[in-house]
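Read through the structure below, which is laid out as structure tokens, and then see the notes.
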Amino acid sequence: MDSGKEDVVYLQEERGFSEAYGAFFKIARQNFGHIGQSLLFMVGPFVLIYAIIGALYGDRLDDILSKIFVYSFSYGHRIWAMMYEVAYLFVLFKLSYLVSQAFLVIVSAEYLALYEQKGTGRVSAREVGQAIWKDGKRLLGTGAVIFLLYLVGAAVVVGIFLLFIQGGPGMSVIAVVLYYIAALLLYFPLSYLMASVFNVCVREKKSGFAALARAWKLLRGSYWWTWLIFVLAMLVLLVAGQVFMVPNYVVEFLSDLTESETAGFNWEIPIMITALLGLFFQSLFSGFYFLLCGVHYYGLAEKKDRKGLANRISQIGKGQSYRDVEEEY
């Protein structure tokens, strides 16, 4: 039997907590090189733009915070000019972040769909790119819906904050506390929901609000289970992400430590370069988080539809392994 098919993780399978992580780690371990190439070639340029803007934004923000006390007394016009520049970079930073995250989700979704068809070690970056091009219209429509929801959500949060702020300092504190409680309860399942919409788009050929409705239907009834899975995943991602920032922390530490001895040396360049590289690899690594989102989506879809189980039962007595049959939803 084809070794690629024989060694593939059967995605159409309901999974518990440990099974979901087991399937994810097996896919990531067996296909690390192919996944990495797909992320690097398909998403790398967008992540690089995000990292460059992020490094510039961080540098200018540090600069304005270090000078705000001096300028606030004698150069008021200068401080406002610097704040406008930081605000402009912040908007570009957020937009580039959203675009890079969208492509990370899309590449992860397309890779899993191709993996299900072809098996371990058989999906190339070129095939992922071709699949993205083929599904372009659906992906674009779905991305537009997600972006619209992001804007609406941001507007709602800002509006609620403004209402609370009008109530005075006490109400402002309450608003901050409620914000963090809501973020803790909602962020992790909703981050999965937004990612799984693209899995629905790619796997089930739905787009826009239809894909969103399907993803929400699958999430209902498994909300807290999903919360637990992705709280742990986010903690692992945060810890692993900090590893990529270690060179930047070391350079900044050396800059502060040897400031008097190296007065003529410009530390800003190595600090910015290490920050850029750290953000770049940190963002690419988050593609594996979205791979876990995809694995969880397949498990929830099987829990809801039972098509994978029906597919297995139909092959009993036919001399054919369920791994050789790929049935679309």
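The values are calculated or read from the model by the stated rules, or taken from the named source; none is laboratory data. A quick note: this is a predicted structure, and the numbers were derived from the prediction, not measured. Backbone-built Cβ (ideal geometry, glycine too); neighbour counts: all protein chains shown.
Would you pick out the residues in segment 187-239 that are crowded, with 19+ Cβ neighbours inside 10 Å, within 27 Å of residue 117 (Cα to Cα) and aromatic (Phe, Trp, Tyr)?
Result: 192, 198, 230.
Being touching a helix residue (DSSP H, G or I) at 6+ places or on another chain (Cβ under 6 Å) and either touching a residue at least 12 places away in the same chain (Cβ under 8 Å) or farther than 30 Å from residue 26 by Cα (or both) narrows it down to one of 146, 174, 160, so name that one.
Residue meeting the stated conditions: 146.
Residue check: is residue 185 in a helix (DSSP H, G or I), touching a residue at least 40 places away in the same chain (Cβ under 8 Å) and not acidic (Asp, Glu)?
yes
Considering only segment 8-25, how many residues are in a helix (DSSP H, G or I), within 19 Å of residue 199 (Cα to Cα) and not aliphatic (A, V, I, L, M)?
Residues meeting the conditions: 3.
Would you please list the contacts, defined by Cβ atoms under 6 Å and residues six or more apart or on different chains, that run from a residue in segment 107-129 that is in contact (Cβ under 8 Å) with a residue 24 or more places away in the chain and within 15 Å of residue 10 (Cβ to Cβ) to a residue that is in a helix (DSSP H, G or I) and of a type in the set (Val, Ile, Thr)?
113/202
Does residue 146 satisfy being within 18 Å of the chain's Cα centre (by Cα), of a type in the set (Val, Ile, Thr) and surrounded by 13 or more Cβ atoms within 10 Å (Cβ to Cβ)?
So residue 146 passes the test.
Determine, yes or no, whether residue 240 is at pLDDT 80 or above and small (Gly, Ala, Ser).
yes
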